[in-house]
Each structure stands twice: as C-alpha cells, then as structure tokens.
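Coordinate-derived values only; no laboratory data. All values reported here derive from a predicted model rather than from experimental measurement. Positions of Cβ are backbone-derived with ideal geometry, glycine not excepted, and every protein chain shown enters the neighbour counts.
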Amino acid sequence: MLRTGVIGVIAISLNACSPTELQHERVDAASVRKGREAVERLGCGACHDLPGIAWPSGRVGPSLHGFANRAMIAGQLPNRPDILARFVRDAPALVPGTAMPEIEMTLEEADAITAWLQSLDES
Amino acid sequence: MSPEAPIPASTASWLPVILDSAGPFSQPVTTLAWVIFTGGFVILGIVIAALTIALFGSPRLKARLGGEKAIWIGGFAFPVVVLTILLIWGLWLTSHLSAQRITGDEMRVRVIGEMWWWRVHYLDENGRETFRDANELHIPVGQPVLLDLQAADVIHSFWVPRLAGKMDMIPGRTNRLLIQADAPGVYHGQCAEYCGGPHALMGFVVVAHAPEDFARWQAARAPAPAAQGSAARGADLFMSSGCAACHTIRGSPADGLAGPDLTHVGSRRSLGAGILPNNKGTLAGWIADSQALKPGNRMPAYHQFDGEELRALADYLASRQ
C-alpha cells in the first residue's frame, strides 16, 4: 500500500515536469536568443538603452530595461506579445506620431524580438 | 539595404584578422605573424626547459647551464642570429608591399581621413575624380586597387587588416597603398592612429564584388530619382533644417562639403563611419542624437524634429540608393 503511494507520488511529480513544458521552455530560450541577435543586427541600440548590450546605447527612445514589467508600449498600447510583435516591425501603423520608423524584418524576427523583450523581467 | 545580391560578411573565421589574410597584400603580414608566434612559442619552450633544469636538474646539468659557454651561446649568439635573420627576412618579405609594385593599370581611389570618417573619391585612369562617396569602398575582386591616402586634419591610419597592412594618412602628403580581395565579401577597416575623441568609432567598410557585380554597381551610381511621399517631405526638411549646409546629395540643392556625401547613403552597409547597421531606425537615431552614439563627432544632435518629421528624414535618406 505504502509502496503504491510512493510510486504514485513519484509518478505525479514526474508528470509535473511534462515533456511538453520542457519543450516549450527550450523553444522560448531559442527565440529569446534569436531575438537578441536580431536586435543587435538591426541596431535597435541606436535609440534604446538595451540590457545586456553595452553599445550602442541611444537616448532617443526609452530604455528597455525591465520591459516585460512595463504596462504600456509607447505609453499607449497594452504590452501584449501580439501587439508588441506588430509594433516592433511597424510602429507608425499603431502609434501614428511616433518617431520610431517601420523597420525591415521578417515576421519570425519580430516574434523573436518580442520573446526577447518579454524575457526582460526585472521584477 | 543594397540593390545588389547579398554579399557574405567575411568575418566567419575564428582566426584573429591579422592571421586571416584575404588577399596578396596582407598575406606577407600573416606569414610574418605566424612565424613570430611560432618562433615565440619555441623560444618559450626552450626557456621553460632551461628553468626546469635550473630548478630540478642534476648538479652536472645545472653546472653546464650556468657555465660561461651557455651564456655566450644562449644569451648572445642565439638572439643576434635569430633577430638578424628575422629582420632581414621580414624586410625582404614586406618590401613586396611597397609602392614598387604599382603598374599604373590599377583602379584608383583617393581616401581622405577626416575627424572621424573617410572621404572616398573614385578616380579615373588619369587621376580625375569620377564620383564621391564616404565611409565605404567598393572594389572588384582579384585585382589590385591603388589607394591615394591623404588626411584633412590630423594623422589617421588606414587599416583593413584582411586586405593590407596599415598605412598612415598624413596631412599634406599622399601615401600609396595597394589592396586586393581574392573573394567577394565585406571587409571591415578601422582608423589605426589615435586621432582624437571618437577615434575608436572611426570604422570603414570595403565591399569586394565579383567583376560582373562590380560593373553593375558602377553603372548604378547615378543619383536616386526625386523622392516621393514621406521621403519628399524628408527632402524638404533636409534642405530647410540645415542638413544641406554640411552634406551633399547630388541631384539636389544640397552641396555642403563639411560632412560625408549622402548621395548614396541608403545603399551603404553602415552608418556613422562603419559603426552602426544602416536602416531607417538607425538613421532616425543618428539624426536625432548622434552624440549619444559617437560622442564628440561634429554633427550636433537635432532635437527639433517631431516623430513624423524624423521618420520623413529617415525615409528620405534611406531612399538615396
């Protein structure tokens, strides 16, 4: 009886770290890395102070330290991944008066940059 | 942001640039560097062996190591012979890099060092200027290109490590340097003589094209057509906000000479003299506050534009292909 209970507990705890969840985390880490690479390649630092990227460190736009904890994008839009992915590619379409131009990138890059921004958690 | 086929960035190798020659005029430097590194390691091995004997060897070996003969051989004869051979061989090897090799048939370009960027003037076979660009040099692969190197203000040094050794750029003088790339690619350069504040941010880009691509690139050097839409508004702002006082855009009234020629700025691979990627975002960031990116450079920060104006200017410059 006891033995069955122990096995049951082990089975439940093994189930807790299910393979799908592990898989999900790995994919996430990969897109965060890709996003960071895209941010460096595109030179987002020309306007933004970016965590983990020493140079360039521009002052035209807001600092992106702790961006995941920020409620709003550009002070106007809710900070949701789907909106963020559109904003990083084509900011003027969402915030007409912004100084941030549309930036040529693939949809995958926009998603990866979004994943990277969502990983900037300083809470 | 170039109309041509993408060119691989040639920085894939793990080797440090001086050990990763990409043409005949950097090869002797690479050879010399390998010989000096290898020789240095061999001599380090000999010194460690001698040290081991001195610490742990038998009394007989210790006595031999400390004798007068060992001092004369190891401390005098060996360095004199090795350094003499190295000096003569090194001078012979690098003498091939000097201007003696110039045949007169090379493509010619004048590159002028400025604080803290580069003027690039393409010349015809008679040394007359054909057109101007800045911070980026396009060459065909597999043939030597002769550079007339000058300086406008202080001493700079032209260095594209994978294509040639360094050559100083001295005010009032023209120094000549041959470069050649054996494979298409993008080769990075850097000012190699301290020239004040943002010296470390005075970069350069050499783009080597296959011959047919180079001919296509040359043919496309006409100024871009008049701007449309948002870019047209950017053009008006460019002329009315003072940009044209320092920058030339051929085909427009802008004819300033103090700063880089921007006729083809949209097709360049970098911004701010080889330091930033070139897209509308970095263009806007540079215009609004280049002082945050390259402190001390001679372009002031322009804080007077609103968001749409700044984007219009970036659109205009990006359209100058």
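For A:I73, nonlocal amide neighbours, meaning residues 5 or more places apart or on other chains whose placed amide H falls under 5 Å from its own, are A:N79. Angle, helix B:78-95 long axis vs. longest principal axis of chain B, Cα atoms, 0 to 90°, nearest 10? For helix B:78-95, the angle is close to 30 degrees.
Evaluate the Kirkwood expression for the hydrodynamic radius of the protein assembly as shown, namely the inverse of the mean inverse distance over all pairs of different C-alpha atoms, and round to one decimal in Å.
Mean inverse Cα-Cα distance, inverted, gives 25.8 Å.
Remark: the stretch A:87-102, residue by residue, has Karplus-estimated 3J(HN,Hα) of 5, 5, 7, 9, 4, x, 5, 9, 10, x, x, 5, 7, 7, x, 5 Hz, where x stands for each Gly or Pro and the curve is 6.51 cos²θ - 1.76 cosθ + 1.60 at θ = phi - 60°.
Rounded to the nearest whole Hz, the Karplus-based 3J(HN,Hα) values (6.51 cos²θ - 1.76 cosθ + 1.60, θ = phi - 60°) of the stretch B:169-186 follow the sequence 10, 10, x, x, 10, 10, 9, 10, 9, 9, 10, 7, 10, 8, 9, x, x, 10, with x at glycine and proline.
For the protein assembly as shown, the share of DSSP beta bridges that are antiparallel, to the nearest 5, is 70%.
Of interest is the spacing of the C-alpha centroids, which for the stretch B:111-130 and the stretch B:233-293 amounts to 19 Å.
Pop a pseudo-label 7 angstrom from the Cα along the beta-carbon direction at both A:R59 and B:A258 and give the gap in nm to one decimal. Between A:R59 and B:A258, the simple spin-label model gives 2.1 nm. Of the GluC sites (Glu not before Pro) found in the stretch A:66-123, those in coil by DSSP whose Cβ has at most 10 other Cβ atoms within 10 Å are A:E122. Spatial offset of the stretch A:23-79 relative to the stretch B:299-321 amounts to 23 Å, using the alpha carbon center of each. When the Gaussian network model of chain B links Cα atoms closer than 10 Å, the mean-square fluctuations of B:G142, B:G104, B:G197 top out at B:G104. Any idea how far the Cα center of the stretch B:64-97 sits from the one of the stretch B:18-36, in Å? For the stretch B:64-97 versus the stretch B:18-36, the Cα centre distance is 22 Å. Which log10 I(q)/I(0) values, to two decimals, does the stretch B:105-219 give at q = 0.13, 0.17 Å⁻¹ under the Debye formula with one point per Cα? Here the Debye-derived log intensity ratios amount to -0.44, -0.76.
B:D306 to A:N69: FRET efficiency via 1/(1 + (r/R0)^6), r the Cβ-Cβ distance, R0 25 Å, to the nearest 0.05? Write out the running numbers ahead of the final one.
On the way: r = 29 Å, r/R0 = 1.15.
Calculated transfer efficiency: 0.30.
Once Rh is set to the Kirkwood radius over Cα pairs, what Stokes-Einstein translational diffusion coefficient, in µm²/s, holds for the stretch B:5-152 at a temperature of 25 °C and a viscosity of 0.890 mPa s? Answer, rounded: 122 µm²/s. Kirkwood-type hydrodynamic radius, the stretch A:46-123: 12.8 Å, calculated from all non-identical alpha-carbon pairs.
For chain B, the longest principal axis of the Cα atoms and the long axis of helix B:27-56 meet at an angle of about 40 degrees. Per-residue extension of 0.36 nm, minus the Cα-Cα distance of B:V80 and B:K166, leaves a gain of 28.2 nm for this segment. Multiplying the residue separation of B:T94 and B:I18 by 0.36 nm and removing their Cα-Cα distance gives an extension gain of 25.9 nm.
Where both bridge residues fall in the stretch B:8-164, DSSP classifies roughly 65% of the beta bridges as antiparallel.
So, R0 is 41 Å and r is the distance between the beta-carbons of B:A245 and B:E125; what FRET efficiency does that work out to, to 0.05? The calculated FRET efficiency here is 0.75. Per residue of peptide A:54-66, the mean number of Cβ atoms on other chains within 10 Å of the residue Cβ is 4.
Amide hydrogen proximity for B:L276: with H placed 1.01 Å from N in the peptide plane, the residues at 5 or more positions away or on another chain lying under 5 Å are B:L271.
What does the structure give for B:311-320 when I average, per residue, the other chain Cβ atoms found within 10 Å of the residue Cβ? Don't skip to the answer; put the middle values down first.
Values: counts 8, 1, 1, 4, 2, 0, 0, 2, 0, 0.
For peptide B:311-320, the averaged partner shielding equals 2.
Note on B:V35 and B:T103: their simple-model spin labels are 2.6 nm apart, each label 7 Å out from Cα toward Cβ.
I want the antiparallel fraction of DSSP beta bridges within the stretch B:105-219, as a percent rounded to 5. Write down the numbers at each step before the final one.
Numbers: 26 of 39 bridges.
Taking every DSSP beta bridge with both residues in the stretch B:105-219, the antiparallel ones total about 65 percent.
For B:K280, the lysines whose Cα falls under 30 Å of its own Cα, not counting residues fewer than eight places away in the same chain, are A:K34, B:K294. Over the residues of the protein assembly as shown, the helix contribution to mean residue ellipticity at 222 nm works out to -12000 deg cm²/dmol, using -39500 (n - 2.57) for each DSSP H run of at least 4. A simple rule links phi to the HN-Hα coupling: the Karplus curve 6.51 cos²θ - 1.76 cosθ + 1.60 with θ = phi - 60°, which for the stretch B:274-284 gives x, 10, 10, x, 10, 8, 4, x, 5, 4, 4 Hz, with x for Gly and Pro. Comparing B:V109, B:V186, B:V80 in a Gaussian network model of chain B where C-alpha atoms under 10 Å apart are linked, the largest mean-square fluctuation is found at B:V80.
Report note on the peptides A:76-83, B:37-44, B:208-215: ranked by the mean count of other C-beta atoms within 10 Å, highest first, their order is B:208-215, A:76-83, B:37-44.
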